[in-house]
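Here, each number is a calculation from the coordinates, and none is a lab measurement. Quantities reported herein were computed from a predicted structural model and do not represent experimental measurements. Every residue, glycine as well, gets a Cβ built from its backbone with ideal geometry; the counts of neighbours run over all protein chains shown.
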Amino acid sequence: GENVEQHPSTLSVQEGDSAVIKCTYSDSASNYFPWYKQELGKGPQLIIDIRSNVGEKKDQRIAVTLNKTAKHFSLHITETQPEDSAVYFCAATSQTGANNLFFGTGTRLTVIP
Amino acid sequence: NAGVTQTPKFQVLKTGQSMTLQCAQDMNHEYMSWYRQDPGMGLRLIHYSVGAGITDQGEVPNGYNVSRSTTEDFPLRLLSAAPSQTSVYFCASSYSEGINSPLHFGNGTRLTVT
């Protein structure tokens with residue numbers, strides 16, 4: 001099955017700085033890569049996703065990049081704010097089991113005011 | 001809409017006891033699934049369903065049963081709880097199984113087995 005690795009496990013940044021979280025995957029058939037944000041006591045919430053026919057996608061302060069050759073994808077948050085503090089998960093899946101996601105182990109992001 | 005509702009929020013069981021974790025969604029979603037979240041391991045898929053009457057196993061199905069008699073409900077049953085099942089359980093749903101249907105998660109059930 002798919003194996004998703006995520007780094008770093010914890011990340012602290014100053015408010016206004018950028019944060020980058022990186023993931024690698026093992027199954028070359030994977031073609032859908034969502035990112036989830038989980039706040040304390042809540043379930044994960046989808047914040048952005050990318051499909052394998054796209055190299056980069058942006059949504060305001062959030063962007064995701066995908067390198068299919070190297071099998072890695074990254075989340076970039078610019079101009080971080082205290083409300084960005086949360087645990088972020090990357091995930092991967094293939095078309096045949098599109099919503100059967102394989103998750104990374106999570107990154108706890110802390111934005112210091 | 002309430003979205004995905006999970007009950008209870010917290011539960012403590014003794015080894016060998018049984019219980020059912022409830023999950024309901026009011027979005028008329030066809031696809032539903034259960035994940036468990038353990039420290040340092042992310043979320044792992046237990047069981048999923050692509051529609052009423054259809055269920056299948058995920059990555060870690062042992063020790064769990066599911067059924068899908070209605071579109072709205074997808075309960076997860078632990079027949080004989082074990083300490084290894086101590087975890088936070090999340091139910092999720094989406095309009096369909098396809099990648100154009102984002103997963104919506106409930107707020108979880110924290111289960112402790114002593």
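Cross-link partners of residue A:57 among aspartates and glutamates, defined as those whose alpha carbon lies under 18 angstrom from its own and excluding same-chain residues fewer than eight positions apart: A:49, A:79.
Couplings 3J(HN,Hα) for region A:71-87, derived from phi with the Karplus relation 6.51 cos²θ - 1.76 cosθ + 1.60 (θ = phi - 60°), are 6, 9, 9, 9, 10, 10, 10, 9, 6, 4, 10, x, 6, 7, 4, 4, 9 Hz, where x marks Gly and Pro. Whole-Hz Karplus values for region B:26-40 come out as 10, 9, 6, 7, 7, 9, 9, 8, 10, 10, 10, 10, 10, x, x Hz, taken residue by residue from phi with 6.51 cos²θ - 1.76 cosθ + 1.60 and θ = phi - 60°; glycine and proline positions read x. Ignoring lysines fewer than eight residues from residue A:58 along the same chain, the ones with Cα atoms less than 17 angstrom from its Cα are A:22, A:37. Using C-alpha pairs under 8 Å with a sequence gap of at least 6, the mean separation divided by the residue count of region A:15-113 gives a relative contact order of 34 percent. Model label sites at residue B:86 and residue A:46, defined 7 Å from Cα along the beta-carbon direction, differ in position by 3.4 nm.
Given contacts defined as C-alpha pairs under 8 Å and at least six residues apart, what's the relative contact order of chain B, whole-number percent? This gives 36 percent for chain B. Between residue A:91 and A:104, the built amide H atoms are under 5 Å apart, and every one of these is 5 or more places off in sequence or on another chain. Here the Karplus relation 6.51 cos²θ - 1.76 cosθ + 1.60, evaluated at θ = phi - 60°, turns the backbone of region A:23-31 into coupling constants of 9, 10, 10, 10, 8, 5, 7, 5, 9 Hz, with x for every Gly and Pro.
Of the GluC sites (Glu not before Pro) found in region A:32-113, those that fall in a DSSP loop while having at most 13 other beta-carbon atoms within 10 Å are A:39, A:79.
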